[in-house]
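All remarks here apply to the structure that follows.
Here, each number is a calculation from the coordinates, and none is a lab measurement. Since the structure is predicted, the reported quantities are computational estimates derived from the model, not experimental observations.
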Amino acid sequence: TPPPSQVVFWHRELPPVAAEVVDEHVVEAVSGRVSGTLSHRDELWERCYQQLMTEARERIAQEVARRGGHSAHVLDESIDVNHDDATCEAWLHGRFSYVLYRMPGA
């Protein structure tokens, strides 16, 4: 059973059984920028990935609240590496599709 405060459910995690589907939405998020390139730099990639996922979780939770929902189930994600040649910085950009749920009678 998920903790009562859990709002975002990722892929194989299931939202509460009693929750009703409202609709589907997409949220975009970005990580912080790092100097250089992310290719073949595991530590930089991991740091950016963790920042991206934290940002995505926060953005989805904000959207759930803004849309009057109670939880979201992330169905799909697409993550791209971006690079700015002028500043020699790299970062991750993600698009996350999710289903918005509401608890009946709430």
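The mean sequence separation of alpha-carbon pairs under 8 Å and at least six residues apart, normalised by the residue count of the chain, gives a relative contact order of 41 percent. Computed from the Cα positions only, the extents of segment 25-83 along the three principal axes stand at 41, 18, 17 Å, in decreasing order. Looking at the chain as a GNM with Cα springs under 10 Å, which of Asp23, Asp85, Asp76 has the largest mean-square fluctuation? Largest GNM mean-square fluctuation: Asp85. Counting only DSSP H runs of at least 4 residues, each contributing -39500 (n - 2.57), and dividing by the residue count of the chain, the helix-based mean residue ellipticity at 222 nm comes to -8500 deg cm²/dmol. In the chain, the longest principal axis of the Cα atoms and the axis of helix 42-66 are about 30 degrees apart. Residue-normalised convex hull volume from the C-alpha trace of the chain: 107 Å³ per residue.
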